[in-house]
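What follows is one structure encoded as structure tokens, with my remarks underneath.
Any read-out appearing in this document is the output of simple, stated calculations on the displayed coordinates, not a laboratory observation. As the structure is a prediction and not an experimental result, all values here were calculated from the model. Please note: Cβ atoms are built from the backbone with ideal geometry, for glycine as well, and neighbour counts cover all protein chains shown.
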Amino acid sequence: MSHRTPTKVEFNIRGLTTAIRLMQPSDRTASVPPLPATTLATSTTALSRAYNHIAILLTQEGRESGQKDVAVTGRFSSAGMCVNALKISEDPPHVPSVSVTPDSGSEPSGPQLFNVKSVQPSGKSLQVLADPEQNSPMKPVSLRDHVSDLLQALMELSDDYDVQKKPFFRFIWLQCHRTMMDVLTADNLIVGEPLSDLLRRWKPQATDIVQDQWFGVRRVFHGYLDKRGVPYRSHSGKFDRQYQFSIPTLVAWRALFADTLGGLRELAMGWNASTPSSSLIDEITSALWAWDALVHDNKALNALLDVPSLQSAIYHARLVARGLQTINEHGKYTFITVTRQFQLSPDEGYELDTRDVILRYCQEPVAWLRAGKALSRSRFFKASLPRLNVIHVYKPPNSRMMTSPRDIMLEIILPKLITSSANDISTLIQRRIDQDDFKNSTEFSGTIHCQASLMGLIYSFSPGVSSTSIPTSASAPPLSKDTTEILQDIFTNADSVVGVGRKCCLCCYWLAQALTSENDRFLVPETNGIVLPWTPPSYGIPLEILEQIEEKLVLKLTEDTRRFVLSGRQSMARSQSPGSDSGYSFDLPPFMMKWDYESPPTG
């Protein structure tokens with residue numbers, strides 16, 4: 001693969017990440033450790049938490065409107081805290097320039113590559129912001145307006161959390177309900193149905209091995225567990241009772257999680273933005289806090305998800321859901337098989353990280369509540385209200401071009417895997433890339449990630465880096481002198497801490513590591529290990545850094561393809577072996593396979 005020009009490397013990265021997503025279209029978590037906490041000062045980790053919490057509260061757009069994350073960094077000094085929130089926006093119709101808009105309510109005359117807006121508190125009282133009659137949830141709210149309202153709401157929340165928490169979380173629901181609903185219903189994409197329904201159908205098996213443990217729970221759950229005969233013991237710690245988690249009590253714990261999550265989901269699904277109800281928002285918030293207690297107060301959910309038969313049930317449900325999604329999207333299904341005697345093993349299917357995926361799903365719905373509570377107590381907000389800039393970065397016009405994923409598979413990956421004794425590899429790979437999803441991938445469908453763009457700008461204006469020769473994508477116009485001065489004023493001495501409302505993809509994580517210098521390093525949320533279609537940011541990333549990421553992606557795609565080939569070989573061997581059950585053929589979509597669920601006992 002040629003590394004002679006930045007354009008070629010950029011197109012290769014787009015094609016490689018697209019090919020990886022096609023070969024492994026699941027939310028598979030890689031075993032990638034977080035950045036070492038031992039190298040980080042306490043103040044830095046506190047900043048990281050604050051920036052992450054701000055980013056969560058700024059995430060407000062739903063999936064239908066093309067949900068976009070917001071990346072946050074800033075600069076903390078004796079003069080106070082300055083926060084920069086960056087969001088990637090769609091392509092401008094012509095080559096733009098930079099503009100800085102003060103908090104005057106006016107808009108720039110045309111699309112801008114960088115549009116920086118200094119934002120102040122809106123001046124609206126929290127009571128007004130929390131009133132659906134005055135703050136209609138049907139009306140879209142721009143990021144600038146949401147930031148302005150959020151600053152105002154945080155000011156009042158910080159003054160008296162206990163008094164203001166109810167209106168604050170009403171306000172958060174009114175302006176962020178689209179994303180929060182998407183998060184709550186993401187189980188439909190993960191397992192093909194509400195997770196609570198799957199839990200209710202699952203029944204522990206005689207072969208399950210479970211370690212006996214005791215978990216403290218809040219008093220609100222005591223009656224539920226007592227009614228189901230779960231033994232408890234007195235405790236002098238945070239919780240006055242600890243309940244037993246064991247084989248005999250699995251059904252009760254399962255029911256507790258299923259009913260709590262199901263009740264939350266039912267309340268949220270019953271809320272209608274066209275006829276908003278403040279009392280229903282309060283009920284949803286109360287249910288969210290109850291769910292938060294179950295998820296975060298102890299490790300009972302972790303223990304439940306470690307039960308082998310539940311892991312298998314969820315894993316199988318994910319295969320079914322993925323098969324349906326693939327057929328809906330492409331009309332064909334990729335090579336995934338499940339034997340009749342279904343067991344998890346390192347070579348079955350695409351991932352074994354069922355526990356981590358479900359844990360992420362369970363934790364995300366309460367992120368907004370935890371972020372608001374944490375920021376109300378943050379010393380960074382107690383000292384003085386931060387100054388906040390909203391930065392819109394527009395994607396360059398020609399960001400759809402990429403190296404063909406099929407060409408990458410044929411010219412780069414296949415030669416690395418073929419040997420004289422492995423004639424079937426070419427056949428397996430050719431069958432895969434001849435499917436419609438590969439053949440139709442002619443344009444890059446991903447975007448610049450906001451945290452990557454923010455890292456590029458911080459790196460460009462960090463000490464020791466010349467701002468006169470900032471690396472620029474071939475798709476973007478060069479930075480003018482005026483543009484450079486504006487960005488330099490914002491990002492010089494900015495914290496090398498980037499907050500985002502979720503874990504980073506693998507490419508952003510690699511970028512953070514590659515941009516590390518001897519005296520400084522980027523602190524980003526730890527990675528979820530997922531490779532998404534990814535393109536380098538327009539500014540700030542040196543060619544040698546992009547080449548490092550390109551090399552890692554080649555290795556990743558090679559390994560994923562190797563796993564795919566191994567799985568295909570084993571499937572064919574099973575179907576061709578004497579006495580094998582050929583009812584599950586190599587290309588059979590998983591949704592045609594039956595999983596034998598037993599109904600849970602009543603009562």
Using amide H atoms built 1.01 Å from N in the peptide plane, name the residues 5+ places from Thr535, or on other chains, whose amide H lies under 5 Å from its own. Thr447, His449
Pull up all non-local amide H partners of Asp131: gap of 5 or more, or a different chain, and H-to-H distance under 5 Å with H placed in the peptide plane. none
So which lysines pass the test for Lys395, namely a Cα distance under 21 Å, with those fewer than 8 places away in the same chain ruled out? Lys8, Lys68, Lys87, Lys117, Lys481
Going by how many other beta carbons lie within 10 Å of each one, how would you line up Glu193, Glu364, fewest first? Glu193, Glu364
Report the extension gain between Asp489 and Asp424 in nm, rounded to one decimal, defined as 0.36 nm multiplied by the number of residues separating them, less their alpha carbon distance. 17.6 nm
One finds, for Asp145 and Arg377 with R0 = 22 angstrom and r their Cβ-Cβ distance, a FRET efficiency to the nearest 0.05 of 0.30
Sites Asp226 and Thr45, calculated FRET efficiency, Cβ-Cβ separation with R0 51 Å, nearest 0.05: 0.80
Sort Phe239, Phe168 so that the residue with the fewest other Cβ atoms within 10 Å of its own Cβ comes first and the one with the most comes last. Phe239, Phe168
Given backbone amide H placed at 1.01 Å from N, residues whose amide H is under 5 Å from that of Thr527, ignoring those fewer than 5 places away on the same chain, are Cys504
Dipole axis of segment 163-259 (+1 Lys, Arg; -1 Asp, Glu on Cβ), positive-most option in Leu184, Val251, Ile172: Ile172
Per-residue HN-Hα couplings for segment 214-226, Karplus 6.51 cos²θ - 1.76 cosθ + 1.60 at θ = phi - 60°, whole Hz, x for Gly and Pro? 10, 10, x, 9, 6, 4, 4, 9, 4, x, 4, 6, 4
R0 = 22 Å: FRET efficiency of Ser286 with Asp306, Cβ-based, nearest 0.05? 0.15
Where labels lie 7 Å past Cα in the beta-carbon direction, separation of Arg400 and Leu359 in nm: 4.1
Residue exposure sequence - Thr484, Thr7 - by fewest surrounding Cβ within 10 Å: Thr7, Thr484
